[in-house]
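Written out below as structure tokens is the structure these notes cover.
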Amino acid sequence: FIRLSTSVGFKDSINRSHGLVVSAPVQGLFRGRYLGYFFREGNYPSSHRVFSSVHRSHNLIRSESRQIPQTIPSFRNVSTSSIYQEEYETYVVHSETRPENPRLVKVAIIGLPNAGKSTLINSLTGRKACPISSKVHTTRCRARAISVKDNTQIVFLDTPGLVTEEESKHHHLEPQYLRDGEKALQEAHVIGVVHDASNYWLKNRLDEKVLRLLHLYPHKDSFLILNKIDILKSKRNLLDLVKILTNGSLVGQQPPEPGGNKKPNYLSESQVKKAVKPERGWPNFREVFLVSALTHSGVDGIERFLLKSSRPGPWMFTEEQFSDQSPEWLIEETVRGRLLEHLPQEIPYNLNTRIEYFHRGEQGNLVSVVLVECATPRLQKLVVGPKGSRIRTIAMEAEQDLYHTFQQPVMLKLIVQPVLIII
């Protein structure tokens, strides 16, 4: 193995030799846990050709020998944030200054798939800190997005849409779909329930999975967000809907003072199931907000409520951080979100996105190459589209999303390739 320390010039080399990379049926070049690029020179001719081309074109690559374990760990089930944490820490500008009398509030945002949870968080933070698409299951794991207002830090806990164990098995979802929602509630100070007011079939009651979590944590303050009201043709029935979803009761119009003497009434799972079955709403919401996360309508009221719900305490993150995830993870998931948006039916769920190259320039501009791995050549042609039109559109839209994420220019290149399965 040879470890390569790369610079921005390496991206240009990949551009010049992209035909080799695209046509390679297997990955001669891959990202490893040891934070470098590794070529299997003896195995795949394409890898040697790419290496030679890059080495001749640019004198920008330093190669150094190092001991590599005989087995390279698999990254299919490893969080990208843990793989790149060492690298990510170098990108954060740590600030030694802290505001006087800092305050903190952690907010768990829960709801059914495609209710608009990530869109709402992006609207509240002013960045695309959470990848989004119009399809379900865009968010695959729990992630934090951070917003700072004066001396208050708001930490949003974005979670995958709540699913049952049967739904998880049917759709082949990752295990975190079942547990991340509850983990977020354990950490949160406040619970935000996002409900899709435009869904004709589901809007007239809170889902049993949502009610289960609310019954498990009745001592935590919660608020209801009726989202997508901009889609409704008539808003005359919204007040009736609020009455149904709150059981005609609100705990109060103002958040309580932090540290109040609340005695939680914990229930067992069997008691929760019995309590949830006849219920259509939750009577302990402190506030109800009618919003359109996509157009930012009504979102400011949520922010004011959260600022009042904050409590004295040290910040979890520096002022410069807007996410606890690495830049690589954000890029991969943003590309995946655009694939979900542009490809039909189940096709995008069978693709894998993976960072091949990432570089942050001295001026803050980002350069990245992302592999889109397809199971078959037929699927590869579908992703690329006629004369490459579909993949170009996906890349352009992903670049725009990433600009709103990092608030810096991003140069993105997508490489579509089939994956060779060796039996």
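Please give every one of the lysines within straight-line cross-link reach of residue 413, meaning a C-alpha to C-alpha distance under 20 Å, and leave out same-chain neighbours fewer than 8 residues apart.
Of all the lysines, those that pass the test against residue 413 - Cα under 20 Å, at least 8 places apart if same chain - are 11, 128, 381, 387.
Ignoring ligands, DNA and RNA, what percent of the accessible area of the range 284-406 is carbon or sulfur (1.4 Å)?
The C+S portion of the solvent-accessible surface of the range 284-406 is 51 percent.
Starting from the Cα-Cα distance between residue 359 and residue 187, subtract it from 0.36 nm times their residue separation and give me the gain in nm to one decimal.
Fully extending the segment from residue 359 to residue 187 adds 58.6 nm.
Let me check something: with ligands and nucleic acids excluded, how do 308, 387 order by accessible area (1.4 Å probe), largest to smallest?
387, 308
So if we plug the beta-carbon distance of residue 202 and residue 392 into 1/(1 + (r/R0)^6) with R0 = 41 Å, what FRET efficiency do we get, rounded to 0.05?
0.65
Please give the FRET efficiency for residue 346 paired with residue 251, using the beta carbon to beta carbon distance and R0 = 56 Å, rounded to the nearest 0.05.
0.85
Starting from the Cα gyration tensor of the range 306-397, take the square roots of the eigenvalues, sort them a ≥ b ≥ c, and report rounded, prolate or oblate (rounded when a/c is under 1.5, otherwise prolate if a/b is larger than b/c, else oblate).
In terms of gyration-tensor shape, prolate.
Apply 1/(1 + (r/R0)^6) to the Cβ-Cβ distance of residue 239 and residue 277, taking R0 = 25 Å, and write down the FRET efficiency to the nearest 0.05.
Given R0 = 25 Å and the Cβ-Cβ separation, E is 0.45.
Just subtract the alpha-carbon distance of residue 179 and residue 98 from 0.36 nm times their residue separation and send over the number in nm, one decimal.
The span from residue 179 to residue 98 would gain 25.8 nm if fully extended.
Provide the solvent-accessible area of residue 311, counting protein heavy atoms only and rolling a 1.4 Å probe, rounded to the nearest 10 Å².
Accessible area of residue 311: about 70 Å².
The values are calculated or read from the model by the stated rules, or taken from the named source; none is laboratory data. Every value quoted in this text rests on a predicted model; they were computed, and no experiment measured them. Neighbour counts run over all protein chains shown; Cβ positions are idealised from the backbone, glycine included. Each accessible area value is taken on the protein alone, full model and side chains, heavy atoms only, with ligands, DNA and RNA left out. Shrake-Rupley method; radii C 1.70, N 1.55, O 1.52, S 1.80 Å.
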